[in-house]
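The values are calculated or read from the model by the stated rules, or taken from the named source; none is laboratory data. Not measured: the values here are computed from a predicted model. Every residue, glycine as well, gets a Cβ built from its backbone with ideal geometry; the counts of neighbours run over all protein chains shown. Just the protein is used for accessible areas: all its heavy atoms, side chains included, with ligands, DNA and RNA removed. Shrake-Rupley method; radii C 1.70, N 1.55, O 1.52, S 1.80 Å.
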Amino acid sequence: MVLGFPDLAALRACIARDWTPTIGDPEITGWLTVISYVVCLVLAVMVLRRRPARAARGLWWVIALLMAALAVNKQLDLQTALTATGRCMARAQGWYDSRQIVQVAFIAGLVLGVVLTWVWATKSLRGQMRGNGLALLGLAILCGFVLVRAVGFGHVDRLISMDFADISYNFWFENSGLLLIAVNALILLRRGR
């Protein structure tokens with residue numbers, strides 16, 4: 001038994017009904033966001049390699065790993081695969097009708113994890129906040145975006161799906177955090193010379 005299914009093939013077949021590995025956001029804004037994640041990843045690695053003064057190495061490791069994961073997720077839409085897996089498990093294990101409890105617990109855990117990480121990061125960056133504050137703010141915006149998308153409240157989804165200058169608020173929201181991270185990395189790299 002695998003998560004309530006007789007074998008792994010049965011679980012994969014269930015997931016495949018709701019998710020297939022295709023390009024999740026084929027629009028130009030989706031590709032620009034992927035490029036932004038990759039640029040932030042490259043900049044974070046440069047900060048780690050050059051070790052400029054005031055750079056908090058732990059923070060830049062987290063940024064590098066997160067940028068790599070989010071770049072891949074942006075186009076493979078892995079959160080939809082996770083949702084499909086949860087839905088399949090709920091049906092197979094017989095708790096689909098009470099899935100809201102699990103959804104609320106998952107979201108609460110996600111929010112708690114982000115809040116605890118934020119508190120830990122601000123405490124451990126004392127004395128280094130001046131050199132890394134923009135990156136931390138960018139991460140907060142990015143985590144806020146991810147949480148809003150994960151929660152998927154209808155009215156919030158409708159709001160961020162609206163657009164400004166023919167570009168969705170989703171793009172502006174996500175990329176504003178990435179811009180802050182990139183600017184902070186460039187400042188550190190420039191000072192490090």
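Here are a few things to note about the model shown:
- Selection count where residues are of a type in the set (S, T, N, Q) and surrounded by fewer than 17 Cβ atoms within 10 Å (Cβ to Cβ), scope segment 40-99: 4
- Hits in segment 28-61 - residues which are basic (Lys, Arg) and closer than 18 Å to Leu180 by Cβ: Arg54
- Test for Trp118: is it in contact (Cβ under 8 Å) with a residue 40 or more places away in the chain, part of a helix (DSSP H, G or I) and either out of contact with any Asp or Glu (no Cβ under 7 Å at 6 or more places or on another chain) or surrounded by 14 or more Cβ atoms within 10 Å (Cβ to Cβ) (or both): no
- Test set (1) open to solvent by less than 70 Å² (accessible area, probe 1.4 Å); (2) modelled with pLDDT under 85; (3) in a helix (DSSP H, G or I) - Gly24 fails condition number: (3)
- Candidates are the residues of segment 10-40 that are under 18 Å from Thr83 (Cα atoms) and among the aliphatic types (A, V, I, L, M); the one that is farthest from the chain's Cα centre (by Cα) is Ala10.
- Qualifying residue in segment 175-192 (condition: at pLDDT below 85, open to solvent by 20 Å² or more (accessible area, probe 1.4 Å) and of a type in the set (Ser, Thr, Tyr)): no
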